[in-house]
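Novice: I am attaching a structure below and will ask some questions about it afterwards.
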Amino acid sequence: MSYIPHTEADRAEMLAAIGVARVEDLFHDVPAACRFPTLNLPEPLSEMEILAELEAMSEENLDVGHYPCFLGAGAYHHYVPRVVDHLLSRSEFYTAYTPYQPEISQGTLQSIFEYQSMICALTGMEVANASHYDGATSTAEAVIMALSVGRGKRRRVILSPTLHPEYRAVVRTYTRGMELEIVGDEPALNTDLEALISLLDPNTACLIVQTPNFFGQIEDLTGLADRVHAVGAMLIVVTEPVSLGLLRPPGDYGADIVVGEGQGLGNGLNFGGPYLGFFACREKDVRKMAGRLVGQTVDAEGRRGFVLTLSTREQHIRREKATSNICTNEALCALAMAIHLAALGKTGLRTLAELCYHKAHYAAGRIASLEGYRVWNDRPFFHEFVVHCPAPVVAINDYLLEEWGLIGGYDLERDYPHLANHMLLCVTEVIRRQEIEALVEALDEARKEVAA
Amino acid sequence: MRNMKIDPNCRYTQDHEWIRVEGDEGVVGITDYAQDQLSDVVYVELPEVGDTFEQGEVFATVESVKAASDIYLPVGGKILEVNEELEDSPELVNQDPFGAAWLVRIAIADLSELDSLMDAETYRSYVESLDH
């Protein structure tokens, strides 16, 4: 069966209309060597055969349901209540498309409005948009918004070295060619906030910090906003939503934009996504904000209703002058987060945050008592912490997985070359006490087995 | 547009901005025709005092319920004053485009640039040609 509707006659007609003889001519500008590569593919299989082969391949994967996972670094394994998937897969919600028409989309629009309201409550901000692809892209959009608020005249962007390395990379990708001066995260790692503050100048558009930072540490950002505002720049805070069940919302200490990764609530650990970038700002800056925005209003008869609002910022109206060329949101992921948050409630979210905090601190304390291991303890942390190990992290992780069935932590040397043998460990509420004991015992054995 | 107002003392651009020259300074706004095309104005974004712009450069944005439109400076110059009242009362653009809804006052960099603009009568025929 052919799935391609065009006939040879259709093709000939289209080619004649654009004035080329053959389809191949359309690829003239692609270097010849790259034009039609030979693909080394096996012979075709039937649907039943291919399904069996793919299933066999997928069964080689390890999953966090069967292997206790101590890996975080921006993607977190939390228990997602069954109600989330149940409501999410209802046909009324199960579409990726943006609801342009309020007449037929009140339910979807209201769910997005609820999500936005929850993000505002969590972050202590006034306005939240309907989401971005992930934490990294919402961070990059925050930078672009700060440049726009600075009317494009401020060209310096200060990135904390403890901002997620992938977020820093995405900020650079998004702003490539804009001739910005991106400073603060040079290899000479200085995690001291004063070092970042010293980089502030009248040319600075924004300063971006993450708390809990990439190392899991809680940054004391009291007073930082005043220092940033003193030069007319914006303070962007990247944060993690579960931690906000316990920690002060960034809006309370003067953040201008608050962004982060929302995957941990409602969404699974999907390799490559979809994830969920949340984004919140002050109302005075809302016209510079990217992304879709749902607002609450009343109709001609005074009844409550929901509509997409402030669309004049967006590319379908403002074209190339839009606040962003990417208005795609992650509506279904945002809905998952909203349902998870609603199911937890205010006290439930706090309990979840406390469970993560206490389990992580219990694990850190136990590991700190092991010979050969040192836990960073100079700053408070939430549910992740750095352990200096007696052997390379790769070797320890292989040992943990092969001998103990445990998924170990993140190898910090990948992004911070001077942090060889440093592992970033994460403990969330799904980790049981005996699994922590197993990790502690396994690390102790690893010192003898791997380091020897 | 019926009963379109045109100020005989202004010069006009094809993008429907006006400038009223006072010595080597000028007051700039958008025309009655422009506000009518935009319909209800909900937000006006103005530059900062001290900013300088070339002739034809975007210096402001007027957002209506229909669109957000860039506003171009009729002649190059430096911003001396902006109409801060528009921040809270953008509807003035619809009510009094040639008066209370002036956008900026500028120091004109090069008076000869005024020669490229239309006078009131030329602008009237220009607008009439657009409506047909």
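Coordinate-derived values only; no laboratory data. Since this is a predicted model, take the numbers as computed values, not measurements. Cβ: placed from backbone, ideal geometry, glycine included. Neighbour counts: every protein chain shown.
Novice: For the stretch B:84-89, what does the Karplus curve 6.51 cos²θ - 1.76 cosθ + 1.60, with θ = phi - 60°, yield as ³J(HN,Hα) per residue in whole Hz, taken in order and with x for Gly and Pro?
Specialist: In residue order, the calculated couplings are 5, 4, 5, 4, 9, 10 Hz.
Novice: For the stretch A:1-61, which trypsin sites (Lys or Arg not before Pro) are in a loop by DSSP, counting at most 10 other Cβ atoms within 10 Å?
Specialist: Passing both the DSSP loop test and the Cβ count: A:Arg22.
Novice: A further question follows. Compute the Rg to Rh ratio over chain A from the alpha carbon atoms, using the Kirkwood formula for Rh, and round to two decimal places.
Specialist: Ratio value, two decimals: 1.01.
Novice: About its Cα centre, how strong a charge dipole does the stretch A:82-340 have in debye, to the nearest 20, once Lys and Arg get +1 and Asp and Glu get -1 at the Cβ?
Specialist: Using only the charged Cβ atoms, the result is roughly 760 debye.
Novice: Counting only other chains, and only Cβ atoms inside 10 Å, what mean value do you get across the residues of A:347-359?
Specialist: Counting other chains' Cβ atoms within 10 Å and averaging over A:347-359 gives 0.
Novice: Can you tell me the FRET efficiency between A:Thr175 and B:Glu22 if r is taken as the Cβ-Cβ distance and R0 is 35 Å, rounded to the nearest 0.05?
Specialist: 0.25
Novice: Less than 14 Å Cβ to Cβ from A:Pro5, Lys/Arg counted +1 and Asp/Glu -1: what total charge do the surrounding residues give?
Specialist: Summing Lys and Arg as +1 and Asp and Glu as -1 gives -2.
Novice: Next question, about the same structure. With θ set to phi - 60° and the Karplus curve 6.51 cos²θ - 1.76 cosθ + 1.60, what are the ³J(HN,Hα) couplings of the stretch A:257-273 in order, to the nearest whole Hz, using x for Gly and Pro?
Specialist: So the J values, rounded to whole Hz, are 9, 10, 9, x, 9, x, 3, x, 9, x, 10, x, 8, 9, 5, x, x.
Novice: Please report A:Cys333, A:Cys281 as a ranked list, fewest other C-beta atoms within 10 angstrom at the top and most at the bottom.
Specialist: A:Cys333, A:Cys281
Novice: How large is the dipole of the stretch A:30-189 about the Cα centre if only Lys and Arg carry +1 and Asp and Glu carry -1, each at its Cβ, rounded to the nearest 20 debye?
Specialist: Its charge dipole is roughly 1240 debye.
Novice: How charged is the neighbourhood of A:Asp134? Take every other residue with its Cβ under 12 Å from the Cβ of A:Asp134, and add Lys/Arg as +1 and Asp/Glu as -1.
Specialist: Value of the local net charge: -4.
Novice: On to the next question. Each residue of the stretch A:349-362 in turn: what ³J(HN,Hα) in whole Hz from Karplus with 6.51, -1.76, 1.60 and θ = phi - 60°, glycine and Pro shown as x?
Specialist: 5, 5, 4, 4, 4, 5, 4, 4, 4, 6, 5, 5, 6, 4
Novice: If you don't mind, there's one more thing I want to ask. Using amide H atoms built in the peptide plane, which far-off residues or other-chain residues are under 5 Å from A:Phe382 H to H?
Specialist: Close amide H contacts, sequence-distant or interchain: A:Ile218.
Novice: What net charge is computed for the residues neighbouring A:Val238, neighbours being all others with C-beta under 11 Å from the C-beta of A:Val238, Lys and Arg scored +1, Asp and Glu -1?
Specialist: Result for the local shell: -2.
Novice: Note the full-extension length gain between A:Ala52 and A:Arg155 as 0.36 nm times their separation in residues minus their Cα-Cα distance, in nm to one decimal.
Specialist: 31.6 nm
Novice: Amide H neighbours of A:Val127 under 5 Å, at least 5 residues apart or on other chains, H built in the peptide plane: list them.
Specialist: Counting only residues 5 or more places away or on other chains, the set is A:Cys281, A:Glu283.
Novice: With the contact rule set at Cα under 8 Å and sequence spacing of 6 or more, what percent relative contact order holds for the stretch B:13-116?
Specialist: 32 percent
Novice: Can I ask one more? Quote the relative contact order of chain A in percent (integer), defining contacts as alpha-carbon pairs under 8 Å separated by 6+ residues.
Specialist: 19 percent
Novice: To continue, here is another question. Which whole-number percent is the relative contact order of the stretch A:100-219 (Cα, under 8 Å, 6+ apart)?
Specialist: Rounded, it is 26 percent for the stretch A:100-219.
Novice: Once the dipole of the stretch A:238-334 is set up with Lys and Arg at +1 and Asp and Glu at -1 on Cβ about the Cα centre, which of A:Ala334, A:Phe271, A:Met289 lies farthest towards its positive end?
Specialist: With unit charges placed on the Cβ atoms, the residue in question is A:Met289.
Novice: By count of other Cβ within 10 Å, fewest leading, how are A:His340, A:His28 ordered?
Specialist: A:His28, A:His340
Novice: Still on this structure, please answer the following. Which pairs, out of A:Lys288/A:Lys359; A:Lys284/A:Lys321; A:Lys284/B:Lys66; A:Lys359/A:Lys448; A:Lys284/B:Lys78, put more than 31 Å between their alpha-carbon atoms?
Specialist: A:Lys288/A:Lys359
Novice: Is there a quick way to get the dipole size of chain A? I mean about its Cα centre, with the Cβ of Lys and Arg at +1 and of Asp and Glu at -1; what is the value in debye to the nearest 20?
Specialist: 2060 debye
Novice: Along the positive direction of the dipole of the protein assembly as shown (beta-carbon charges: Lys, Arg +1; Asp, Glu -1; about the Cα centre), which of A:Phe306, A:Leu180, B:Ala100 reaches farthest?
Specialist: Sorting the options by dipole projection puts first A:Phe306.
Novice: Here's something else I'd like to know. For B:Ser39, A:Ser131, what ranking results if the residue with the fewest other Cβ atoms within 10 Å of its Cβ goes first?
Specialist: Fewest-to-most Cβ neighbours within 10 Å comes out as B:Ser39, A:Ser131.
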